[in-house]
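Data block below; observations after.
The values are calculated or read from the model by the stated rules, or taken from the named source; none is laboratory data. Predicted model, so just to flag it, every value in this text is computed and none were measured. FYI the Cβ positions are ideal-geometry reconstructions off the backbone, even for glycines, and counts take in every protein chain you see.
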Amino acid sequence: MKYNHDDVIEKATTLFWQRGFQAAGMRDIQQALDMRPGSIYARFQSKEGLFKLVVEHYAQNSASRLKQVDEANSPLSALRTFFSDALTGPDEHRYMRQCLLIKSIAEFDVIGDVAQKAVLDSMSVLKTGFEDIVNACIEKEELPAHTPAEFAAEWLQNQFVGLRAFALLQDSPNAVLKMIDKVLIDLKTQWPSFPH
């Protein structure tokens with residue numbers, strides 16, 4: 001039987017995002033992917049091998065969306081849209097409000113070395129995406145020229161992670177949207193200075 005690679009990874013992504021690495025057993029994987037154990041092992045070598053591909057796929061998709069924000073006419077407005085799209089989806093996709101990478105970090109001890117490296121590399125890729133957005137905002141004068149891009153990007157990524165946890169618990173998008181607006185207001189304000 002021939003399997004579409006992208007379709008298989010999408011199904012595996014949904015499974016791991018909903019269940020987490022440890023809770024997704026081989027039977028769950030077989031059922032979600034509609035594949036026999038032999039086919040799964042032949043194609044991915046292990047559950048960890050499949051999970052590594054899922055993490056990389058997730059990071060590539062996220063980086064692609066961040067790139068669209070960075071290239072927008074108004075990166076700051078596009079960032080608000082990016083945040084609200086990620087954090088206020090329909091209830092049947094509530095699991096998607098949580099960051100798959102952060103969920104993976106919570107299971108860091110059980111996902112294996114290969115998957116751990118994929119998660120850390122992916123976090124770094126996303127930080128770079130946020131830094132590109134901050135730089136684009138500075139270039140388009142949506143943020144002050146003195147904004148420390150690397151520090152602001154790290155802060156922004158941390159805010160996004162926190163907002164994802166907050167959004168997971170909310171029934172109404174209004175509270176989430178207010179928090180997003182507060183983050184974007186804070187992004188424009190004063191930054192602490194550090195001695196060199």
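List of remarks:
- Which listed residue is closer than 30 Å to E139 by Cα, modelled with pLDDT under 85 and either assigned to a helix (DSSP H, G or I) or acidic (D, E) (or both), from L79, L101: L101
- Selected residue (only one of V134, V114, V119 is part of a helix (DSSP H, G or I), more than 19 Å from Q18 (Cβ to Cβ) and at pLDDT below 90): V114
- Enumeration of residues in the stretch 147-196 that are touching a helix residue (DSSP H, G or I) at 6+ places or on another chain (Cβ under 9 Å) and loosely packed, with under 10 Cβ neighbours inside 10 Å: D171, P192, F194
- Pair list, Cβ under 8 Å, 6 or more apart: the stretch 136-161 residue farther than 17 Å from S74 by Cα, other residue small (G, A, S) and at pLDDT below 95: F160/A86
- Selection from the stretch 29-59 of residues that are assigned to a helix (DSSP H, G or I) and either among the aliphatic types (A, V, I, L, M) or in contact with a Leu (Cβ under 6 Å, 6 or more places away or on another chain) (or both): I29, A32, L33, I40, A42, F44, L50, L53, V54, V55, Y58, A59
- Hits in the stretch 168-192 - residues which are touching a residue at least 40 places away in the same chain (Cβ under 8 Å) and either out of contact with any Lys or Arg (no Cβ under 7 Å at 6 or more places or on another chain) or over 20 Å from L76 (Cβ atoms) (or both): L168, P173, V176, L177, D181, V183, L187, K188, W191
- Lone unmet requirement of (1) acidic (D, E); (2) loosely packed, with under 14 Cβ neighbours inside 10 Å; (3) in a loop (DSSP other than H, G, I, E, B) for E142: (2)
- Boolean, F44 is within 30 Å of E131 (Cα to Cα), out of contact with any strand residue (DSSP E or B) (no Cβ under 6 Å at 6 or more places or on another chain) and of a type in the set (F, W, Y): no
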